[in-house]
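Reading through the C-alpha cells given below for one structure.
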Amino acid sequence: MRAAAIRGFGGPEVIEVLEVPKPTPGPGEVLVRVIAAGVNPPDWYMREGMPGLPREMMGDIDFPLILGTDVSGVVDALGPEVDGFDVGDEVFGMLRFPTTMQAGGYAEYVAAPVSDIARKPAGVSHREAAAAGMSALTAWQFLIDVGHDLGSPFQDAPHRPVPLDGDSRVLVNGAAGGVGHIAMQLAAWKGAHVTAVASGGHEEFLRGLGTDAFIDYTTTDPAEAVRGLDLVMDTVGGSRSASFLPTIKDGGALFWAYLAEFSDEEKRRYDVTTSATQVRANGAQLAQIAELLDDGTIRIHVDSVYSLQEARQAHERAAQGHIRGKLVLDVA
Ligand SMILES: NC(=O)c1ccc[n+]([C@@H]2O[C@H](COP(=O)([O-])OP(=O)(O)OC[C@H]3O[C@@H](n4cnc5c(N)ncnc54)[C@H](OP(=O)(O)O)[C@@H]3O)[C@@H](O)[C@H]2O)c1
C-alpha cells in the first residue's frame, strides 16, 4: 500500500510517499481502507522529532514512520475478537493517541482498535469525519466530559473540569482553528454565552457557527474587552495565556490546550483555576459526537484538501498558521 511517511525527523520535505506492507489487524482491531485522513499538530510535532518535549514521550520510534492519527474510511477486514463492526461499515476515529504517535493514519490502510472508532454518519463526508477526530475529542474532553480528572503530562495536578449550562460565559481563544471551532459550537450547544477570539478575517465564519460575540485579537486586547467569564478555553497557549486571567471571574477557570505559562505572581493574584487535559482516543465519545454532526448541531469546516502525495504541502500549509477549521488528506 502507499503511505506518507518519514525516514528521519525534519521539515515538511522529509515526508515521502512510500510503498509499505499493508497492516494486519490484531485482536480487537479492524482493517480500515482509508478514504480521508485528518492533519493535526501532533503530526508535525512528530515529524520534527518533538523538539522541546521529553524524549520518552515519543516512545520507541520505528522508521519509516507513517504520520497521522485521524482517519475516515471503510472497514475492509476484521481481526480476531471484534464485535459491533462488520466489513463495509463506514467508520472514523482518532487512533491509539496518546499511546503511540505511530498510528499510521496517512496510509491507504490502517489497523484500527474498535475502541477508538465510531460509525460515520451517512450525511457527513469522509473529509469532515477525518477532520473531526482529534479536534472534536479534545473539545469534548475539555468541555463536555466533566466526569474525569485526567490531567496533561505538562501539569502535576489532576484536571478540574467545569460543567457548562445556560448561565455560563465562555471565551474560546484560537476559535477558528481545529479545536477552537468545535469547542465554541459545543459550548453554544450547552447553552453558554460564547465569545470567540480570532483574527478578523474569521469573524463572519465564527458568527455563522453561532458565536455570540467576537474579538479580533489583532486590533483589540481581549483583556480590555471582556470581564466576568466563567471559563476561557485557550487553544493557543504560551505566554499569552496569562493575559486572559483578568477576563475571568473569581472562582472561574482557564483551560489551556498547549503549554500555557503563568508566573507565580499571576497565579497568586487571580482566584482562577488553570488546568489542562490530554486528549485520549475514545470511540464511544466519537459516537456521541457523530450524532451532533449528523443532526447539524456541530459542523466541521475543512480549510483545504490535499492528496496523499501532497502530504508535504499540507504540512507546509500548516506552518503558515491561521488555519480555519481543518486540513485533510484525500487518500482514496
Ligand atoms: N491538550 C490536548 O490534548 C490537545 C489536543 C489537540 C490540540 N492541542 C493543541 O492545541 C493547539 C491548537 O490545535 P488546533 O488543532 O486547533 O490548531 P490550529 O487548527 O492550527 O488552530 C490554531 C488557531 O489559532 C489561531 N491563532 C494563532 N495565533 C493566535 C493568537 N495569538 N490569538 C488567537 N488566535 C490565534 C489561528 O488562526 P488566526 O490567528 O487566524 O485566528 C488558528 O485558527 C495546538 O497547539 C495543539 O498542539 C492540544
Query raised in the report: So which DSSP H runs in the chain come out at 18 Å plus along the axis (Cα) with average Kyte-Doolittle of at least -0.5?
Result: 126-143
Report summary line: Rounded to whole Å², per residue accessible area for the chain with a 1.4 Å probe reads 41 Å²
Requested in this report: Could you tell me the accessible area of Thr100 in Å² (1.4 Å probe, neighbours in place), rounded to the nearest ten?
Outcome: 40 Å²
Requested in this report: Determine the gain in length on full extension of the stretch Glu56-Leu259; use 0.36 nm per residue of separation and subtract their C-alpha separation, reporting nm with one decimal.
Outcome: 71.3 nm
Query raised in the report: Given just the C-alpha atoms of region 139-180, how large is their convex hull per residue in cubic angstrom?
Result: 96 Å³
Query raised in the report: Measuring from centroid to centroid over Cα atoms, what is the spacing of region 222-247 and region 28-68 in Å?
Result: 31 Å
Requested in this report: Please list the radius of gyration and Dmax for the chain, considering alpha-carbon atoms only, with Å as the unit.
Outcome: 19.4, 58
Query raised in the report: What order, most packed first, do the peptides 41-47, 17-23 have when packing is the mean number of other Cβ atoms within 10 Å of each residue?
Result: 41-47, 17-23
Query - Calculated [θ] (222 nm, deg cm²/dmol) that DSSP helices of n ≥ 4 give over the chain, each run adding -39,500 (n - 2.57) - result: -6500 deg cm²/dmol
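Can you sort Phe244, Phe9 by 1.4 Å-probe accessible area, starting with the largest? All intermediate terms of the calculation are to be shown ahead of the outcome.
Numbers: Phe244 10, Phe9 85 Å².
I get Phe9, Phe244, largest accessible area first.
Semi-axes of the equivalent ellipsoid of region 149-275: what are they in whole Å, largest first, if each equals the square root of 5 times a C-alpha gyration tensor eigenvalue?
Numbers: eigenvalues 94, 50, 39 Å².
That gives 22, 16, 14 Å for the three semi-axes.
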Requested in this report: For region 149-275, calculate the relative contact order in percent as a whole number, restricting contacts to Cα pairs under 8 Å that are 6 or more residues apart.
Outcome: 21 percent
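Could you work out the relative contact order of the chain? I mean the mean sequence separation of Cα pairs under 8 Å and 6+ apart, divided by the number of residues, in percent.
Numbers: 829 pairs, mean separation 66.0, N = 332.
Averaging sequence separation for qualifying contacts and normalising by length gives 20 percent for the chain.
The values are calculated or read from the model by the stated rules, or taken from the named source; none is laboratory data. Keep in mind that what you see is a predicted model, and the values were worked out from it rather than measured. Glycine gets a Cβ as well: all are built from the backbone with ideal geometry, and neighbour counts include every protein chain shown. Side chains included, ligands, DNA and RNA excluded: accessible areas come from the protein's heavy atoms. Shrake-Rupley method; radii C 1.70, N 1.55, O 1.52, S 1.80 Å.
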